[in-house]
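So the structure is just underneath, and the comments pick up after that.
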Amino acid sequence: MIRFGGLFQPSGWKTENHVPVIECPDSVQKDGTFEIRVSIGKEIPHPNTTEHHIRWIKVFYLPEGDRFTYQLAHIQFSAHGESAAGPDQGPAHTDHSAVVAARLKKSGKIYATSYCSIHGLWENTRPIQVH
């Protein structure tokens, strides 16, 4: 039986257009608000068509020394050119990037996961120091 974590595709974000790119400060003040930007396809653009698109991004935080994660955000991307006129004929698209404001009490790791309609689950992580 494959564990859920085994379903995520690993790869470096500079060579793959599916991996969530996490941009945030390397260190932040304890309880100070800061921004986490997550995008898909920063170096290599990811398609955004009715058939092939990013459906969602989730952002999690794992405090140092803790075994439980905390979900910071779930961002759903709902418009991908759908229309009664046919695929990719619609007037709206949501781009696969988001900014989340957060406050942390401890150093730890930020995790981002994403789901591609064709290629499944992807993940990335980034350490963050809290002072």
Length gained when the stretch residue 78-residue 55 is fully extended (0.36 nm per residue, less Cα-Cα span): 7.6 nm
Structure-derived P(r) over Cα pairs in 5 Å bins from 0, in percent: which label, when the choices are [x] 2, 11, 21, 26, 22, 12, 4, 1, 0; [y] 2, 10, 20, 23, 20, 11, 6, 5, 2, 0, 0; [z] 2, 11, 19, 21, 17, 13, 9, 5, 2, 1, 0: [z]
FRET efficiency, residue 2 to residue 69 (Cβ-Cβ, R0 22 Å, nearest 0.05): 0.65
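Set the Förster distance to 30 Å, then compute FRET efficiency between residue 30 and residue 95 from the Cβ-Cβ distance, nearest 0.05.
On the way: r = 33 Å, r/R0 = 1.09.
For R0 = 30 Å, the calculated efficiency reads 0.40.
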Lysines whose Cα lies under 20 Å from that of residue 30, excluding same-chain neighbours fewer than 8 positions away: 105, 106, 109
Placed amide H near residue 107: partners under 5 Å, 5+ positions off or other chain: 64, 130
Under the Karplus curve 6.51 cos²θ - 1.76 cosθ + 1.60, θ = phi - 60°, whole-Hz ³J(HN,Hα) for the range 105-113, x wherever Gly or Pro sits: 9, 9, 5, x, 10, 9, 10, 10, 10
Inter-probe distance in nm under a simple model that places probes 7 Å from Cα toward Cβ, at residue 119 and residue 23: 2.0 nm
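Just need the relative contact order of the chain here, percent rounded to a whole number, with Cα pairs under 8 Å and 6+ apart.
On the way: 308 pairs, mean separation 42.1, N = 131.
Computed value for the chain: 32 percent relative contact order.
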The chain - share of DSSP beta bridges that are antiparallel (%, nearest 5): 90 percent
Dipole axis of the chain (+1 Lys, Arg; -1 Asp, Glu on Cβ), positive-most option in 62, 113, 83: 62
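Where a number appears in this text, it was derived from the coordinates with a stated rule and is not lab data. These figures come from a predicted structure and were not determined experimentally. Cβ sites come from the backbone with ideal geometry, for glycine too, and all protein chains shown count toward neighbours.
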